[in-house]
Amino acid sequence: MKKLAIILGMAAIIALPTLAQAREVTFTTQLQNYRGDGAYLALYLVDANGTYQRTLWVAGKKAKYYKHLPDWARGSGLRSSEYDGVTGASVMSGKALDVTLDIPDALIDAGYEVRVDTAVEDMRDNRADASAPLTSDGVGKSFPGRGYVKSLSYSF
């Protein structure tokens with residue numbers, strides 16, 4: 001029994017670094033010039049089937065407005081545990097949101113996609129305003145938005 005515990009412990013020590021490998025990824029969401037207040041944005045991951053996986057960042061501090069980020073709100077269930085610690089100020093017209101996060105290597109080139117939902121007070125809400133496949137080939141490329149987002153890009 002003691003030998004088994006030692007062997008399992010050694011195996012865990014050897015395997016742990018490969019499981020925990022991540023790389024620093026900077027996501028840049030550039031907004032269009034539009035007339036209106038600051039935009040609320042939800043930056044999140046979906047799998048190859050388009051199913052919500054996790055929140056990366058939420059721009060906009062008032063949680064009561066998060067319901068206007070439709071696909072993200074539905075996927076996250078608006079549970080505060082989904083956005084605690086990953087929120088910041090809303091983003092003004094024509095400005096960019098830069099967010100640097102540690103993304104597990106296992107998610108890159110594995111069919112995941114980064115999406116951005118947007119909303120501006122007294123204006124329309126945009127589900128999947130911008131999206132980009134999370135791939136090595138996508139690094140440095142600019143993916144166009146369909147609403148308030150002019151472009152979405154990322155770098156390692």
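Quick one: what does P(r) look like for the chain with 5 Å bins over all Cα pairs, in whole %? Values per bin, smallest distances first: 2, 9, 18, 20, 18, 12, 7, 5, 4, 3, 2, 1, 1, 0.
Computed from the Cβ-Cβ distance with R0 of 25 Å, the FRET efficiency linking K62 to E24 stands at 0.30.
How compact is region 88-144 by the rule of thumb for globular proteins, expressed as Cα Rg over 2.2 N^0.38 Å? Provide the component values of the computation, followed by the final result.
On the way: Rg = 13.4 Å, N = 57, 2.2 N^0.38 = 10.2 Å.
Taking the Cα Rg and dividing by 2.2 N^0.38 Å, one obtains 1.31.
Can you give the net charge of the other residues whose Cβ lies under 9 Å from the Cβ of L45, counting K and R as +1 and D and E as -1? Before the final figure, lay out the partial values.
Values: positive: R54, R115; negative: D47, E113.
Computed value for this residue: 0.
What does the charge add up to near R23, with Lys and Arg as +1, Asp and Glu as -1, over the other residues with Cβ less than 13 Å from its Cβ?
Values: positive: none; negative: E24, D102, D105, D109.
Charge balance in the 13 Å sphere: -4.
Once the Cα-Cα distance is subtracted from the 0.36 nm per residue extended length, the Q53 to D102 segment shows a gain of 16.1 nm. The helix-based estimate of mean residue ellipticity at 222 nm for the chain, built from -39,500 (n - 2.57) per DSSP H run of four or more residues and divided by its residue count, is -5500 deg cm²/dmol to the nearest 500.
Paramagnetic label reach from R146 (point 7 Å along Cα→Cβ; backbone nitrogen cut-off under 13 Å): within region 51-70, residues 70. Cross-linked pairs K95/K141; K95/K150; K67/K95: Cα-Cα separations exceed 21 Å for K67/K95. Just checking the listed ones, L134, L107, L31: in the Gaussian network model of the chain with Cα springs under 10 Å, the one fluctuating most is L107. Once backbone amide H atoms are built at 1.01 Å from N, S90 has G60, K61 as its partners under 5 Å, excluding neighbours fewer than 5 places away on the same chain.
Electrostatic tally near Q32: other residues with Cβ closer than 11 Å to its Cβ, Lys and Arg +1, Asp and Glu -1, net +3.
Would you mind calculating the relative contact order of region 47-156 from Cα pairs under 8 angstrom and at least 6 residues apart, reporting the percent as a whole number?
Details: 159 pairs, mean separation 24.6, N = 110.
Normalised by residue count, the contact order of region 47-156 is 22 percent.
Among the protein heavy atoms of the chain, carbon and sulfur supply 53% of the accessible surface, probe 1.4 Å, non-protein parts ignored.
Ignoring ligands, DNA and RNA, what accessible area per residue does the chain give at 1.4 Å, in Å²?
Numbers: 8790 Å² over 156 residues.
Per residue, the chain has 56 Å² of solvent-accessible surface.
GNM remark for the chain: springs join alpha carbons under 10 Å apart, and the peak mean-square fluctuation among A130, A22, A96 falls on A22. Placing +1 on the Cβ of each Lys and Arg and -1 on the Cβ of each Asp and Glu in the chain, which of G88, L101, S131 has its Cα farthest towards the positive end of the resulting dipole? My answer, from the dipole projection, is G88.
The values are calculated or read from the model by the stated rules, or taken from the named source; none is laboratory data. Fair warning: this is a prediction, and the values are worked out from it, not measured in the lab. FYI the Cβ positions are ideal-geometry reconstructions off the backbone, even for glycines, and counts take in every protein chain you see. The protein model used for the area step is the full one, side chains on, heavy atoms only, and it has no ligands, DNA or RNA in it. Shrake-Rupley method; radii C 1.70, N 1.55, O 1.52, S 1.80 Å.
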